[in-house]
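First the structure, in the form of structure tokens, and then the observations on it.
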Amino acid sequence: MKHTFLATIFAAAVALPAYAADYTIMAPAAPGGGWDQTARSLQTVMQKEGISGNVQVQNVPGAGGTIGLAQFTGQNSGNPNALIVGGYVMVGAILTNKSPVTLKDVTPIARLTGEYEAIVVPTASDIKTMADLVAKLKQDPGSVSWGGGSAGGTDHIAVGLIAKAAGVDPTKINYVAFSGGGEALAAILGGQVTAGISGYGEFESQVKAGQLRLLAVSSDKRIEGVDAPTLKESGLDVAVENWRMVAAAPGLSAEQTAAITADFDKLSKSAGWQEILKTKGWADTYLAGDAFKAQLDKDVSATETILKEIGLVQ
């Protein structure tokens, strides 16, 4: 009996799936936002798909992700189990906050998702089209207030590019930064700002409920299922995509980096992840390895240029 029992225990142990690693994912923002949603979606799918047996999510909010980034790099050098999510907003925050820690201090793994910007006004607004909004902007840039996310983030960059494309000095834009999507939405719905700008998903339910009017989206082509012209269709040569990424700790070996990348290659192709993308309305912009590192360098350089034009970076 004893031998049979031990053999059963051994067989059960052998039958258990071999997990690549246990991961802790830092979301350098408060619960509920895009980075937090990304981290918790990764947690769900990695466990469900057997990529990792145990995934924990840690929130460290503040300064467009730079507080969390500094903590992450300072505490996890050489740790192959530590991950951090981030994205385009963090690129701008690093520059505007003059952060001593940058994305060069982490190990980029992959770009995961993309989301386009949407420009909205309350349905009671006299602004009916993007052309109406641009006309007001040209007449008096300061009279048009834009409500969006953190200063120097994707929303702010998009407004600067819109102004530039309209022939308006980007340094004259009146951008009102809000720390959270709920706070920004309340200000937009309450008419405290002229227009709102954020990822389409932030406004979708209010647009469908008839509370907000969708003027335009920042994609190259019309988004399937979204009844709005692109900025390019509206006469503005602007296309902006907010992307989100995952990075690993600094000081990893090539073998450790390859193992983490393999886990995310598996995740990106999984049915669970594809379902998350569909549910959340996120575009699948998966890009890993050297190709992602090269694209990241280009994005940092382009962001620095526009932030200088807006006047946020000297």
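I need the full set of residues from the stretch 193-228 which are open to solvent by 30 Å² or more (accessible area, probe 1.4 Å), farther than 18 Å from Gly281 by Cα and touching a helix residue (DSSP H, G or I) at 6+ places or on another chain (Cβ under 8 Å), in order please.
Matches in the stretch 193-228: Thr194, Gln211, Arg213.
The rows are residues; the columns are (1) in the same structural domain as Gly147 (by the TED database); (2) among the aliphatic types (A, V, I, L, M); (3) over 23 Å from Gly86 (Cβ atoms).
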| position | (1), (2), (3) |
| --- | --- |
| Tyr200 | yes, no, no |
| Gln211 | yes, no, yes |
| Leu215 | yes, yes, yes |
| Ala262 | no, yes, no |
| Glu275 | no, no, yes |
| Gly289 | no, no, no |
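Which residues, taken from the stretch 300-310, are open to solvent by 30 Å² or more (accessible area, probe 1.4 Å) and not hydrophobic (A, V, I, L, M, F, W, C)?
Matches in the stretch 300-310: Ser301, Glu304, Thr305, Lys308, Glu309.
Tally the residues that are closer than 20 Å to Phe264 by Cα and surrounded by 18 or more Cβ atoms within 10 Å (Cβ to Cβ), restricting the search to the stretch 66-80.
Going through the stretch 66-80 one residue at a time, the tally reaches 3.
Just to be sure I understand the filter: pairs with C-beta atoms under 9 Å, separated by 6 or more residues or on different chains, first member in the stretch 184-213 and aromatic (Phe, Trp, Tyr), second member part of a helix (DSSP H, G or I). Which pairs pass?
Tyr200/Val207; Phe203/Leu185; Phe203/Ile188
When the residues of the stretch 56-107 are filtered to those that are out of contact with any strand residue (DSSP E or B) (no Cβ under 8 Å at 6 or more places or on another chain) and hydroxyl-bearing (Ser, Thr, Tyr), which remaining residue is nearest to Ser253 (Cα to Cα)?
Out of the qualifying residues, it is Ser77.
Which of the residues belonging to the stretch 143-178 are touching a helix residue (DSSP H, G or I) at 6+ places or on another chain (Cβ under 6 Å) and in a helix (DSSP H, G or I)?
Within the stretch 143-178, Thr154, Ile157, Gly160, Ala163, Lys164, Pro170, Lys172 meet the criteria.
Looking at Lys104, Lys98, which is the one that is open to solvent by 20 Å² or more (accessible area, probe 1.4 Å) and part of a helix (DSSP H, G or I)?
Being open to solvent by 20 Å² or more (accessible area, probe 1.4 Å) and part of a helix (DSSP H, G or I) holds for just one of Lys104, Lys98, which is Lys104.
Take the stretch 266-293 and flag every residue that is open to solvent by 50 Å² or more (accessible area, probe 1.4 Å), not basic (Lys, Arg) and not in a strand (DSSP E or B).
Within the stretch 266-293, Ala271, Gln274, Glu275, Thr279, Gly281, Asp290, Ala291 meet the criteria.
Do you know which of the residues in the stretch 32-65 that are farther than 13 Å from Gly86 by Cβ and within 14 Å of the chain's Cα centre (by Cα) is surrounded by the fewest Cβ atoms within 10 Å (Cβ to Cβ)?
Per the criteria, the residue is Gly32.
Determine whether Gly181 is crowded, with 16+ Cβ neighbours inside 10 Å, closer than 25 Å to Leu112 by Cα, touching a helix residue (DSSP H, G or I) at 6+ places or on another chain (Cβ under 8 Å) and not assigned by the TED database to the domain that holds Gln295.
Here the answer is yes, as Gly181 does meet what is asked.
Matching residues to (1) within 20 Å of the chain's Cα centre (by Cα); (2) over 23 Å from Ala163 (Cβ atoms):
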residue	(1), (2)
Ala259	no, yes
Ala262	no, yes
Leu267	yes, yes
Gln274	yes, yes
Leu287	yes, yes
Ala294	yes, yes
Ser301	yes, no
Gly311	no, no
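Has the stretch 247-262 got at least one residue that is in a loop (DSSP other than H, G, I, E, B), within 26 Å of Val134 (Cα to Cα) and either open to solvent by 30 Å² or more (accessible area, probe 1.4 Å) or not hydrophobic (A, V, I, L, M, F, W, C) (or both)?
The answer is no, given that none of the residues of the stretch 247-262 is in a loop (DSSP other than H, G, I, E, B), within 26 Å of Val134 (Cα to Cα) and either open to solvent by 30 Å² or more (accessible area, probe 1.4 Å) or not hydrophobic (A, V, I, L, M, F, W, C) (or both).
Hey, can you tell me all the residues within the stretch 195-234 that are among the hydroxyl-bearing types (Ser, Thr, Tyr), part of a helix (DSSP H, G or I) and under 10 Å from Val120 (Cβ atoms)?
Tyr200
The values are calculated or read from the model by the stated rules, or taken from the named source; none is laboratory data. Note that this is a predicted model, so its numbers are computed, not measured. Using ideal geometry, Cβ is built from the backbone for each residue, glycine included, and neighbour counts are taken over all protein chains shown. We work out accessible area using only protein heavy atoms, side chains counted, and drop any ligands, DNA or RNA first. Shrake-Rupley method; radii C 1.70, N 1.55, O 1.52, S 1.80 Å.
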